[in-house]
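Scroll down for the structure; my scribbles are underneath it.
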Amino acid sequence: MRNHIEKSLNEEQLKHVMDHHGEYLLRLAYLYVKDWPAAEDILQEVFLTYYQKADQFEQRSSLKTYLTKITINKCHDYLRSWKNKRSLFSEAIGNLISSSKSPEEAVEQQMGQTSLMREVLELPTKYREVLLLFYYQEFTSKEISQLLDCPENTVKTRLKRAKALLRDQVDPREWEGLPDEQI
């Protein structure tokens, strides 16, 4: 009976963590994998991993940072997986064979995204992730280096290169929302 009570308490704590961090982590996963169903699956894996290994969390960083790290790792695993590559190939073939969207729907979808976000999502993962973590998730370069297990100078170099890649692709007015940064 005691184990059941403790497990129930852990489940309540997990529910609180899911409610508090779920939306943020889902958006982060989506920005990596660019697919809502895959991002939702990744989020489930993140919380399952946290539930199974919560006792390993040493609180050397915030819970948000810890969960972000798990999410990034799960996204990297997904992007390397055969399932993802097969899905991308199938989608490309499907688009060649038939177009399921009307021209109006395609235009609406394109208008729903800003050109900046479209261009950011087209960047290679190593550049996209530092931009997203720095500007959208507001992590410092030091925190990003810890999340990605790379030197802080590597993070700074990737930020600089990512902005250089975007320079010719994006209207400078799109960068107005990013504080004190010029491309």
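The values are calculated or read from the model by the stated rules, or taken from the named source; none is laboratory data. Keep in mind that what you see is a predicted model, and the values were worked out from it rather than measured. Every residue, glycine as well, gets a Cβ built from its backbone with ideal geometry; the counts of neighbours run over all protein chains shown. Keep in mind that these areas ignore ligands, DNA and RNA; they rest on the heavy atoms of the full protein, side chains included. Shrake-Rupley method; radii C 1.70, N 1.55, O 1.52, S 1.80 Å.
Being touching a Cys at 6+ places or on another chain (Cβ under 8 Å), in contact (Cβ under 8 Å) with a residue 12 or more places away in the chain and part of a helix (DSSP H, G or I) holds for only one residue in Ile42, Ile70, and it is Ile42. The number of residues in the stretch 143-156 that are out of contact with any Pro (no Cβ under 9 Å at 6 or more places or on another chain) and free of Cβ contacts under 8 Å to residues at least 12 places away in the same chain comes to 6.
Restricting the stretch 1-48 to residues that are under 27 Å from Pro124 (Cα atoms) and of a type in the set (Val, Ile, Thr) leaves a set whose member that is modelled with the lowest pLDDT is Val33. When the stretch 147-170 is filtered for residues that are closer than 25 Å to Leu25 by Cβ, part of a loop (DSSP other than H, G, I, E, B) and not hydrophobic (A, V, I, L, M, F, W, C), only Asp149 remains.
When Ser90, Ser61, Ser100 are screened for being among the hydroxyl-bearing types (Ser, Thr, Tyr), part of a helix (DSSP H, G or I) and at pLDDT below 90, only Ser90 passes.
Quick check on the stretch 123-145: of everything there that is open to solvent by 40 Å² or more (accessible area, probe 1.4 Å) and at pLDDT below 85, which residue is farthest from Lys34 (Cα to Cα)? Taking the candidates together, the pick is Glu138.
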